[in-house]
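Novice: Here's a structure for you.
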């Protein structure tokens, strides 16, 4: 939803829009001659206003509307005279584009339009915004390479036994729709400030099927660049690193990596077979003694309790899912228990803070999931949540970082 001084817009999932309010200067973009409407209304069928491409974002100021397509093209309608549009990146000075969409800046023989018209000279816009004065609008042009939405910039491997290679997980990137991106460097390094806990261990992670001999590598405009990652823990506990991808244009995209090394223990060697029983005494023929029973298998091992992900992101008023892995490498079954959470007041958690966990048999693992309802007035930022459960009579506690967003 976007709103101006006297108009409102609702952007629908199919890229069309509804508008209502004052229709002067064609601001509603309905193709109805600039009439006011009091209920959400679609552009008049069969008019040029109804034939616009699918939009993914709308912004409104006092007299003009801008809309962006998924390809980064920008369209506008409403008041034209004197309006200005600035476009640029965070690292370059904005360039001015004029309304209307042909002609000199701020000069127009047409005072307004209710038909969405494309703004020339802008491609690959990643976001639109309205200036503080309400009389200026801004198109933010994407950098040459962006990370696809992928776990909020974190690739997380679940628990993996020591020395064992994990399954491969993807890290996906995409070049701007307006220009190709040339990859010059792909490295796994120690993260400077990844926000992840645990031991910094870049040597535990690897890129599969891609190395420095493949560089430089050019990604066509709008095309994907996919890397495959693997985790092979060299020690117990949480292991972290960072995947850093750089381009010839100076773009740097960083993805945090995390995994957990476990030791499920080993099953001991099979016991020796028992000795044959003694022969019965002479007299009536004694029965041959039965063979002794096989010895029990020797068992050794450990119990590992680990958070599936050390960091979880959740919006205000939504549910945060906290998961804990129980890996039983001992000889005994771990009795059923309860997973409990101790939460800071800033999260404003409502409802249950615990969940029952079924028994875990020897040599098996189980994931215990606890859902926390974060309050609508929770403090934005990161908070530490402690989760605990009793295993073999001992209380085990782990800490999970919960990041709250609006």
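The values are calculated or read from the model by the stated rules, or taken from the named source; none is laboratory data. Here the structure is a predicted model, which means the values were calculated and not measured. Glycine also receives a Cβ, built like all others from the backbone with ideal geometry; neighbour counts cover every protein chain displayed.
Novice: So, in the range 313-328, how many residues would count as being surrounded by 20 or more Cβ atoms within 10 Å (Cβ to Cβ) and either modelled with pLDDT under 85 or more than 26 Å from residue 162 (Cα to Cα) (or both)? Walk me through how you get there before you give the answer.
Specialist: Taking the range 313-328 as the starting set, the residues that turn out to be surrounded by 20 or more Cβ atoms within 10 Å (Cβ to Cβ) are 320, 322, 324, 326-328.
Restricting the remaining residues to those that are either modelled with pLDDT under 85 or more than 26 Å from residue 162 (Cα to Cα) (or both) gives 320, 324, 326-328.
Within the range 313-328, residues that are surrounded by 20 or more Cβ atoms within 10 Å (Cβ to Cβ) and either modelled with pLDDT under 85 or more than 26 Å from residue 162 (Cα to Cα) (or both) number 5.
Novice: How many residues does the range 220-250 contain that are in contact with a strand residue (DSSP E or B) (Cβ under 6 Å, 6 or more places away or on another chain), surrounded by fewer than 21 Cβ atoms within 10 Å (Cβ to Cβ) and either over 22 Å from residue 399 (Cα atoms) or free of Cβ contacts under 8 Å to residues at least 12 places away in the same chain (or both)?
Specialist: Adding up the residues that qualify gives 10.
Novice: Among (1) surrounded by 15 or more Cβ atoms within 10 Å (Cβ to Cβ); (2) more than 23 Å from the chain's Cα centre (by Cα); (3) at pLDDT 90 or above, where does residue 373 come up short?
Specialist: (2) is the only condition that residue 373 fails.
Novice: Would you tally the residues in the range 1-22 being over 17 Å from residue 33 (Cα atoms) and in a strand (DSSP E or B)?
Specialist: Number satisfying all stated conditions: 7.
Novice: In the range 63-84, which residue that is over 14 Å from residue 26 (Cβ atoms) and assigned to a loop (DSSP other than H, G, I, E, B) is modelled with the highest pLDDT?
Specialist: Checked the range 63-84; the qualifying residue modelled with the highest pLDDT is 69.
Novice: Six or more apart or on different chains, Cβ under 7 Å: which pairs go from a residue in the range 34-46 that's on the phi > 0 side of the Ramachandran plot to one that's surrounded by 15 or more Cβ atoms within 10 Å (Cβ to Cβ) and in a strand (DSSP E or B)? Could you list them?
Specialist: As it stands, the answer is 34/114, since those pairs meet every condition given.
Novice: Can you tell me which residue within the range 329-352, out of those that are free of Cβ contacts under 8 Å to residues at least 40 places away in the same chain and closer than 19 Å to residue 262 by Cβ, is surrounded by the most Cβ atoms within 10 Å (Cβ to Cβ)?
Specialist: Within the range 329-352, the match that is surrounded by the most Cβ atoms within 10 Å (Cβ to Cβ) is 331.
Novice: Tell me which residues, restricted to the range 230-256, are closer than 15 Å to residue 166 by Cα, in contact with a helix residue (DSSP H, G or I) (Cβ under 9 Å, 6 or more places away or on another chain) and part of a strand (DSSP E or B).
Specialist: 231, 239, 240
Novice: Based on this model, can you work out whether residue 191 counts as modelled with pLDDT under 80 and either crowded, with 20+ Cβ neighbours inside 10 Å or in a strand (DSSP E or B) (or both)?
Specialist: Working: modelled with pLDDT under 80: yes; either crowded, with 20+ Cβ neighbours inside 10 Å or in a strand (DSSP E or B) (or both): yes.
Yes: the conditions hold for residue 191.
Novice: Among (1) in a loop (DSSP other than H, G, I, E, B); (2) surrounded by fewer than 18 Cβ atoms within 10 Å (Cβ to Cβ), where does residue 29 come up short?
Specialist: So the condition that residue 29 fails would be (2).
Novice: Please enumerate the residues belonging to the range 15-26 that are on the phi < 0 side of the Ramachandran plot, buried (at least 21 other Cβ atoms within 10 Å of the Cβ) and touching a strand residue (DSSP E or B) at 6+ places or on another chain (Cβ under 6 Å). Reasoning before the result, please.
Specialist: The initial filter retains those residues of the range 15-26 that are on the phi < 0 side of the Ramachandran plot, namely 16-20, 22-24.
Pick out the ones that are also buried (at least 21 other Cβ atoms within 10 Å of the Cβ) and you get 17, 19, 23.
Within the range 15-26, 17, 19 meet the criteria.
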